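The values are calculated or read from the model by the stated rules, or taken from the named source; none is laboratory data. Everything numeric in this text was worked out from a predicted model, so none of it was measured. Using ideal geometry, Cβ is built from the backbone for each residue, glycine included, and neighbour counts are taken over all protein chains shown.
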Amino acid sequence: MSYYEKIKSKGIPLILFDRGENDLNVDYIGINDYDSSHLIIEHLVGQGKKRIAHIGGYRHTRIFNNRIRGYIDAIKKHKLPTDDELLLESSLTTEDGREKMMKLLALKNPPDAVYVAGDYAALGALQILKENNIAVPDTIALIGFGNEPFTAMVTPTLSTIKQHSTEIGKLAAHTFLELVKKTNLKQHLNKQILNAELIIRDSSRLI
């Protein structure tokens, strides 16, 4: 039995946010990761990009799997290349971003845009692009995920997805307090999914 199941079995209110397990049947609060990928691809296509890579998290994690599915479906929608070499999975550290960006640059046909599922990995990717004197966004556009504070301070500023972390935290606390008040209330799957927001900055803005 997982530690989540142990908590449930003791009648302790359990609310998951950002990362959740589909089969736990408890409250979950997060953003629409699948649609977030569509927002990103739509923007990049609108900037004239035609070969878009994705540095994602690992598929076994729900949020990253949803981002990967959204990326693949959006790419297919626009009839863009879906080469396996353009989809890389990682733990999304800054070093991972550097490593995966180098791998993409080594391709016979490198991408003209890269969507990274985490801002720290996007930072690593940006470092490699700058070290190799590759123009961002003209040659390769770059978009991260998370809206970490540094994304507005680096050069070029980094386009990213705002996850509404504060709102999610407030909703999670409110939901927890409601469950505590209603001690006889049986927990069930109650999803609260917020729409993510694409913040467009210099790393992807061409038009």
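Being within 16 Å of the chain's Cα centre (by Cα) and within 21 Å of I207 (Cα to Cα) is true for just one of L92, L126, L142, L80. Which residue is that?
From the options L92, L126, L142, L80, the qualifying one is L142.
Pull out all pairs, ordered by first then second residue, where Cβ-Cβ is under 8 Å, the residues are six or more apart or on different chains, the first lies in region 110-125 and is under 12 Å from V136 (Cα atoms) and in contact (Cβ under 8 Å) with a residue 40 or more places away in the chain, and the second is crowded, with 22+ Cβ neighbours inside 10 Å and among the polar types (S, T, N, Q).
A113/S204
Pairs under 7 Å by beta carbon, first residue without any contact (Cβ under 8 Å) to a residue 40 or more places away in the chain in region 29-55, partner part of a loop (DSSP other than H, G, I, E, B), six or more apart or different chains?
V45/H78
If you check D73 against the conditions, is it touching a residue at least 24 places away in the same chain (Cβ under 8 Å), within 19 Å of G146 (Cβ to Cβ) and in a helix (DSSP H, G or I)?
no
Restricting region 36-80 to residues that are of a type in the set (V, I, T) and at pLDDT 95 or above, which is farthest from P111 (Cα to Cα)?
This residue is I68.
Just name the residue that is surrounded by the fewest Cβ atoms within 10 Å (Cβ to Cβ) out of those in region 76-100 that are in a helix (DSSP H, G or I) and acidic (D, E).
Going through the qualifying residues, I end up with D84.
So which of K103, K108 is part of a loop (DSSP other than H, G, I, E, B), of a type in the set (K, R) and surrounded by fewer than 19 Cβ atoms within 10 Å (Cβ to Cβ)?
Result of the check over K103, K108: K108.
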